[in-house]
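This report refers to the structure that appears directly beneath it.
The values are calculated or read from the model by the stated rules, or taken from the named source; none is laboratory data. Bear in mind that the values here come from a model prediction, so they are computed numbers and not experimental data. When we count neighbours, we look across all protein chains shown, and the Cβ atoms used for this are built from the backbone with ideal geometry, even at glycine.
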Amino acid sequence: MSLASMTGFARAHGTSGAYAWAWEIKSVNSKGLDLRLRLPPGWDAVEPAARAAASKALARGAVSATLEVKREGASSTVRVNEEVLAAVIDTMRSVATKVNANPPSLDGILAMKGVIEVVEAEESEDEKKKAESAIVTGFDRALGELIAARRGEGEALRTILAGRIDEIARLVAAAEASPARKPEAIRARLAEQIAALLDTGTKFDSDRLHQEALLIAAKVDVREEIDRLVTHITAARDLLKNGGAVGRRLDFLAQEFNRESNTLCSKANDAALTAIGLELKTTVDQFREQVQNLE
C-alpha cells in the first residue's frame with residue numbers, strides 16, 4: 001500500500017446546462033482530518049455528499065474545498081415595467097403643466113432606471129438537480145487528483161525516510177561495535193575509578209565497593225538501549241513497507257528513537273560513543289521532521 005503526504009492541491013471544473021462550476025481543493029498538515037467547505041449561496045445540497053466522500057478517502061490533513069458556480073448561457077427576456085412606465089409618464093405630465101420644456105423623447109423615457117428590465121429565464125428545478133449531481137461528481141474527480149498528488153509526495157517521503165532509517169541502523173551498529181562497550185574497556189575504567197578512590201586513603205568496605213562497581217557497570221552499559229533501537233528500526237521499516245495512514249505510528253516511533261538516543265548519550269562514558277549518540281540524535285530529528293508530513 002502506498003504512503004500519502006498530507007499536502008496537496010487539485011482543481012476540477014465543468015458545465016451542466018447553463019451552469020459552469022469549478023472546485024479547488026487544498027490540503028496541509030494537521031493532527032486529524034479537518035475538512036472545510038466554502039459553497040456559494042443556494043448550493044448547500046452538495047455538502048453532505050462531498051463531506052462524506054472526503055471523510056472516507058482521507059485520514060488526516062486540514063482540507064479546504066472551495067466551489068464556484070456561475071449561471072451562463074441562460075436565455076434572457078427584455079420587458080417594459082408597465083407600472084414604472086406609467087408612473088414616469090404621469091410625473092412628466094404633471095411637471096409639464098408647471099415647467100415650459102420640450103416633451104420627453106422615447107429613448108429618454110426608456111433609458112430611465114427601472115423602465116426596461118432584463119429578466120433571466122427562471123431556474124428549472126430539474127436543471128438545478130442535474131447541476132448538483134455534476135458538481136458532486138466533479139468533487140470526486142478533484143478529490144481523486146488530490147489523493148494522487150498526496151500519494152506522489154508520500155512515495156518521495158518513503159524514499160527519504162527509508163534513508164534516514166538506514167542511517168539510524170548504521171549508527172546503532174557503530175554503537176554496538178564501539179570499543180568502549182567491550183567488557184575489558186569497562187573493567188579498565190572501573191579499575192581506574194576504584195584505584196582513584198582507594199588512593200584517597202579513605203577506608204572502604206570491600207563488599208560495598210563490589211556492589212557499587214556492579215551498579216556503575218550496569219549504568220554505563222547501553223545494551224538495553226541498542227536492543228530497543230534495533231526493535232524500533234524493524235518496526236519502522238515494516239510500517240514504511242506496508243504503507244497506508246501510518247503517520248501517527250511513525251511519529252510515535254520517532255519519539256521512542258529520540259528517547260533511546262538521549263539515554264545512550266547520557267550513559268556513554270567514552271568520547272567516541274558520545275559522538276555516535278549525538279549523530280544519532282540529529283538523524284532521529286531529521287526522521288521525525290519528515291514524518292510530520294505523512295498522513
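One line per residue, one yes/no per condition, for (1) among the hydrophobic types (A, V, I, L, M, F, W, C); (2) in the same structural domain as A22 (by TED's automatic domain parsing):
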{"position": "A53", "(1), (2)": "yes, yes"}
{"position": "K56", "(1), (2)": "no, yes"}
{"position": "A59", "(1), (2)": "yes, yes"}
{"position": "A65", "(1), (2)": "yes, yes"}
{"position": "L85", "(1), (2)": "yes, no"}
{"position": "S94", "(1), (2)": "no, no"}
{"position": "D107", "(1), (2)": "no, no"}
{"position": "L110", "(1), (2)": "yes, no"}
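Among the listed residues A22, A49, A54, A59, which satisfies the condition of being at pLDDT 90 or above and touching a His at 6+ places or on another chain (Cβ under 6 Å)?
The unique qualifying residue is A22.
Per-residue answers, yes or no, for (1) of a type in the set (A, V, I, L, M, F, W, C); (2) within 28 Å of the chain's Cα centre (by Cα); (3) at pLDDT 90 or above:
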{"residue": "D199", "(1), (2), (3)": "no, no, no"}
{"residue": "V230", "(1), (2), (3)": "yes, no, yes"}
{"residue": "A245", "(1), (2), (3)": "yes, yes, yes"}
{"residue": "A254", "(1), (2), (3)": "yes, yes, yes"}
{"residue": "N262", "(1), (2), (3)": "no, no, yes"}
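Mind telling me which of the residues A54, A65 ends up being outside any helix (DSSP H, G or I) and under 16 Å from the mean Cα position of the chain (by Cα)?
Just a single option satisfies the conditions, and that option is A65.
Conditions tested, residue by residue: (1) among the hydrophobic types (A, V, I, L, M, F, W, C); (2) in contact with a strand residue (DSSP E or B) (Cβ under 6 Å, 6 or more places away or on another chain); (3) outside any helix (DSSP H, G or I).
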position	(1), (2), (3)
R93	no, no, no
K98	no, no, yes
I109	yes, no, no
D126	no, no, no
S133	no, no, no
T137	no, no, no
L146	yes, yes, no
R150	no, yes, no
G154	no, yes, no
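Looking only at residues that are free of Cβ contacts under 8 Å to residues at least 24 places away in the same chain and among the acidic types (D, E) in the range 21-56, which one is farthest from E125 (Cα to Cα)?
Across the range 21-56, the extreme among qualifying residues is E47.
From the list A18, A59, A12, pick out the single residue that is touching a residue at least 24 places away in the same chain (Cβ under 8 Å), in contact with a strand residue (DSSP E or B) (Cβ under 8 Å, 6 or more places away or on another chain) and farther than 17 Å from E145 by Cα.
The conditions single out A18.
Would you confirm whether any residue within the range 75-93 is small (G, A, S) and at pLDDT below 80?
Yes, the range 75-93 contains a residue that is small (G, A, S) and at pLDDT below 80.
Exactly one of (1) hydroxyl-bearing (S, T, Y); (2) within 29 Å of A134 (Cβ to Cβ); (3) out of contact with any Phe, Trp or Tyr (no Cβ under 8 Å at 6 or more places or on another chain) is unmet by S2. Its number?
Looking at each condition in turn, S2 falls short on (2).
Would you be able to say whether some residue in the range 57-71 is surrounded by fewer than 16 Cβ atoms within 10 Å (Cβ to Cβ), closer than 30 Å to G152 by Cα and touching a Lys or Arg at 6+ places or on another chain (Cβ under 8 Å)?
Yes, the range 57-71 has at least one match.
Among (1) surrounded by fewer than 16 Cβ atoms within 10 Å (Cβ to Cβ); (2) in contact with a Gly (Cβ under 8 Å, 6 or more places away or on another chain); (3) of a type outside the set (S, T, N, Q), which single condition is A4 missing?
(1)
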